[in-house]
Amino acid sequence: MHRACLDRYLAGEAPLVMLHALSIRDKYKRLELLAEPSQILQSIGLYDLWFGYFGEIFADPALRTYGPGDAPVNAAFINAAFVLYSLGCGRVSVPYLDEFYKAFPKSRYTPTVLYAQSMTYGRYQQPVNLTVAEEYALRNLETIERDFKDHDKYDYIKVFAENAYAYIKAKQEKYDEALTLCAEGHGKMLKAYGGERFKLHQSILIYNTSQVYELVDDLPRAEKQLREAIAYDPYYGEYHNDLGNLLSKVPGREAEALQAYARAIELCPPYYEAHLNRAALRNRMGYAAGALADLDRTLAIKPNEWRAHFQKGNILMRQDRPEAALESYLAAADIDPKNPDLQSNLGLAYSELGKASESIEHYLRALELNPRHALTHNNLAIEYFNEGRPDISLNHATVAVEIGGDPDYHLTREHIQASLQADLTSRRTRASTSSAKPS
């Protein structure tokens, strides 16, 4: 049955059935058959299903260098690396891309490999390494000029290499150079291919120009470019999500921002970031119930999204529900234990529940992570004061005033100072009375 079905597929008489492809014992033949469905699953975002079978293939050293370098199987691996780096798995994609470049330096996929490396180091790796990112971007431009000058898509390949370089320039705060590269790149694409060919790819150039304008806080021009990108590709959810983010920064345009987030979610229902961003805006607008609904949806899509747990805890704290807030904060801390804001809020939740020792423990942990966390110094001062330790309390209150600009910090310190002064006066009075002789 397997043989008959595969023969029909290879003859072009029927589509490939995955069951039959997965049943091939020879791993090299199996890879050749799985290359096409791998690309399809990636293109429609079914990453979990794709990981289920291609993860094992990607980890096989023999398969990683199989093929001539220009075959569909090689493209499947390159695209797999693209998915991995865009999902934040640079530690997995970077070694493979280096391996591919060494094995197939003259591959037609070389510009794609170098582009991915520049973006991994310049955007997705945390922290970014702009020096290495720029090295890859420049190597890519040199390679294209040397080996791809006669390629029928030379302009397309060159412009997208320059686009990666523009992103790095923007991150280096060389905004004029970044904008020039994006604008010239779009002009080259229009001249070479017109307004209809590669239309979706041209939208990326316009979108990146919008990002640069947003970085320099020129929001009107950023919005203009972003709306033009949407006109080129109206069904790409990320553009609508970014429009929501941009509009949420402009006073009075919150309703439009909510509409943009709704459109992003409509286009891509599992888009957890759109739910997360809309939750932040709804919370800011006072729509706590809607914000909590968005956060619950975020966690249903991505249970380990610590920011959703954190935001949920903050809302619950403002609703005077410290026990529920603590549960959310602890869930966030299980995922990201080294966030000082989170540790500080854990201290506050424990304080509200009357658990002073746990509160102090988390405040101190927050200060280990960030010694200049003014709010933590202020709250720790209050906790120590309530514990009857005014001297150390005053030290933290003073630090909070010195590094923070909140008037409440001054009130905390003044209250502690007044209490210490009253205590000192009381002691002096008692000492004077006890030393006085009877008349």
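The values are calculated or read from the model by the stated rules, or taken from the named source; none is laboratory data. Just so it is clear, the structure is predicted and the values come from calculations on it, not from any experiment. Every residue, glycine as well, gets a Cβ built from its backbone with ideal geometry; the counts of neighbours run over all protein chains shown.
Which ones in region 163-202 are over 17 Å from Ala133 (Cβ atoms), of a type in the set (Asp, Glu) and either assigned to a loop (DSSP other than H, G, I, E, B) or in contact (Cβ under 8 Å) with a residue 24 or more places away in the chain (or both)? Glu196 - this is the single residue of region 163-202 that is over 17 Å from Ala133 (Cβ atoms), of a type in the set (Asp, Glu) and either assigned to a loop (DSSP other than H, G, I, E, B) or in contact (Cβ under 8 Å) with a residue 24 or more places away in the chain (or both).
Looking at this structure, is Leu316 crowded, with 19+ Cβ neighbours inside 10 Å, touching a Lys or Arg at 6+ places or on another chain (Cβ under 6 Å) and either modelled with pLDDT of 95 or more or among the acidic types (Asp, Glu) (or both)? So Leu316 does not fit the description; no. Go through the residues of region 15-37 one by one and say whether even a single one is under 26 Å from Tyr121 (Cα atoms) and either of a type in the set (A, V, I, L, M) or out of contact with any Gly (no Cβ under 8 Å at 6 or more places or on another chain) (or both). Checked against the condition, which is being under 26 Å from Tyr121 (Cα atoms) and either of a type in the set (A, V, I, L, M) or out of contact with any Gly (no Cβ under 8 Å at 6 or more places or on another chain) (or both), region 15-37 yields no hits at all. Out of everything in region 167-182 that is within 19 Å of Ser203 (Cα to Cα) and not aromatic (Phe, Trp, Tyr), what residue ends up being modelled with the lowest pLDDT? The selected residue is Cys182. When Tyr85 is tested against (1) closer than 20 Å to Glu36 by Cα; (2) surrounded by 13 or more Cβ atoms within 10 Å (Cβ to Cβ); (3) free of Cβ contacts under 8 Å to residues at least 40 places away in the same chain, exactly one condition is not met: (1). Provide a single number: the residues in region 214-230 that are in contact (Cβ under 8 Å) with a residue 24 or more places away in the chain and crowded, with 22+ Cβ neighbours inside 10 Å. Here the count works out to 2. On the given criteria, is Ala308 free of Cβ contacts under 8 Å to residues at least 40 places away in the same chain, surrounded by 21 or more Cβ atoms within 10 Å (Cβ to Cβ), within 18 Å of the chain's Cα centre (by Cα) and under 20 Å from His275 (Cα atoms)? Taking the combined requirement at face value, the residue satisfies it. Residues in region 252-277 that are at pLDDT 95 or above and not in a helix (DSSP H, G or I) were compared, and the one that is farthest from Leu219 (Cα to Cα) is Gly252.
To keep it simple, each residue is scored yes or no on (1) of a type in the set (Phe, Trp, Tyr); (2) crowded, with 22+ Cβ neighbours inside 10 Å.
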position	(1), (2)
Glu99	no, no
Arg108	no, no
Ser118	no, yes
Tyr121	yes, yes
Val128	no, no
Glu134	no, no
Ala137	no, yes
Lys149	no, no
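Surrounded by fewer than 12 Cβ atoms within 10 Å (Cβ to Cβ) and either under 25 Å from Ile78 (Cβ atoms) or of a type in the set (A, V, I, L, M, F, W, C) (or both), is that true of Ile44? Judged against the criteria, Ile44 is a match.
For region 175-193, state whether one or more residues are within 25 Å of Cys89 (Cβ to Cβ) and among the aromatic types (Phe, Trp, Tyr). No, region 175-193 contains no residue that is within 25 Å of Cys89 (Cβ to Cβ) and among the aromatic types (Phe, Trp, Tyr). Scoring Tyr235 on the criteria (1) over 25 Å from Ala161 (Cα atoms); (2) in a loop (DSSP other than H, G, I, E, B) leaves a single failure, condition (1).
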